[in-house]
Amino acid sequence: MKVLGIMGSPRIGGNSDVLLGQALTGAKETGADVEKIILDRKHIAGCKDCKKCNTTGVCAIKDDMAEIQTKILEAYAIIHSSPVYFWAMTSQMKAYLDRWCVFFDAEWRWQKIYYPKMRGKRIGLITVCGDSNVKTADPIVHSFQSTIEMTKMHWLGTVMASANDIGDIVKNESAIQQAYALGEKAATP
Ligand SMILES: Cc1cc2nc3c(=O)[nH]c(=O)nc-3n(C[C@H](O)[C@H](O)[C@H](O)COP(=O)(O)O)c2cc1C
């Protein structure tokens, strides 16, 4: 069983990274294999809406997303982690999410070839904002949760935390514990 961590911040060792690390530790200590993908180290272009994938199930853009798509298909659960940038997810995370188009047909139904592996896929989310009000990250939650609901995946829930300077989140014991628990949940059938 593999739990995949998708890191959307360009700040390695930053707050989203620390919390995602905690979640993956929780998953590992529950018995899962874990892997973290740092999106900022990958080449992921924005979706071009060319619609070729609607019929072929293959993205026309040749970049690192193909390799990530395979890991998504094989993962038992996926935990995403993104800071808030201007009341939204980072551009790295958005480019990644938009490329999920490859999994769907023109009516936003799962491509038949992907359905068996994507149906019920367990998806979790971690957000970090500089604002003391964690609800600042609500637009990111809305984006992921709506996607999961529309496509009948399994929503594991969110950890929403607040921190500013790099790594400051380690002082937030509650967020650290919640992230660990999210990882445990992701790896528990
Ligand atoms: C370009 C940019 C835009 C940001 N916009 C917001 C924002 O709209 N609201 C907010 O609360 N924090 C905002 N922040 C602060 C980050 O969310 C905060 O510093 C967070 O801890 C960064 O997480 P990281 O360490 O994982 O990169 C912004 C930071 C940057 C660099």
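Odds and ends about this structure:
- Backbone N under 15 Å from the Lys51 label point (7 Å along Cα→Cβ), restricted to region 105-120: 105-109
- Across the options Val84, Ile123, Ser143, the greatest Cα extent toward the positive end of the charge dipole of region 63-189 (unit charges at beta carbon of Lys, Arg, Asp, Glu) belongs to Ile123.
- Of the beta bridges in region 99-168, as assigned by DSSP with both residues counted there, near 10 percent are antiparallel.
- Value of [θ]222 nm, deg cm²/dmol, for the chain, DSSP H segments ≥ 4, -39500 (n - 2.57) each, nearest 500: -10500 deg cm²/dmol
- Overall shape: oblate for region 1-85, with the ratio a/c of the largest to smallest alpha carbon gyration tensor axis at 1.5 or above and b/c at least equal to a/b.
- Selection of trypsin sites (Lys or Arg not before Pro), region 88-128, meeting DSSP coil and at most 16 other Cβ within 10 Å: Arg109, Lys112, Arg119
- Placing unit charges on the Cβ atoms only, positive for Lys and Arg and negative for Asp and Glu, gives region 2-186 a dipole magnitude near 660 debye about its Cα centre.
- Sparse packing (at most 16 other Cβ atoms within 10 Å of the Cβ) combined with a DSSP loop state is found for the following trypsin sites (Lys or Arg not before Pro) in region 15-71: Lys42, Lys48, Lys51, Lys62.
- Against the chain, whose longest principal axis comes from its Cα atoms, helix 173-186 is set at around 30 degrees.
- Amide H contacts of Met153 (H built 1.01 Å from N, in plane; Pro and chain starts excluded): Gly120 sit under 5 Å, all sequence-distant by 5 or more or on other chains.
- Annotation for region 42-146: chymotrypsin sites (Phe, Trp or Tyr not before Pro) lying in DSSP loop with at most 15 further Cβ atoms inside 10 Å of their Cβ are Phe86, Trp87, Trp108.
- Descending semi-axes in Å of region 14-157, equivalent ellipsoid built from Cα gyration tensor: 24, 18, 15
- Compared with the dominant Cα axis of the chain, that is its longest principal axis, helix 65-74 is turned about 80°.
No lab work stands behind these numbers, since they all come straight from the coordinates. Nothing here was measured: the structure is a model prediction, and the numbers come from that model. Ideal geometry is used to build each Cβ from the backbone, glycine not excepted, and the neighbour counts take in all protein chains shown.
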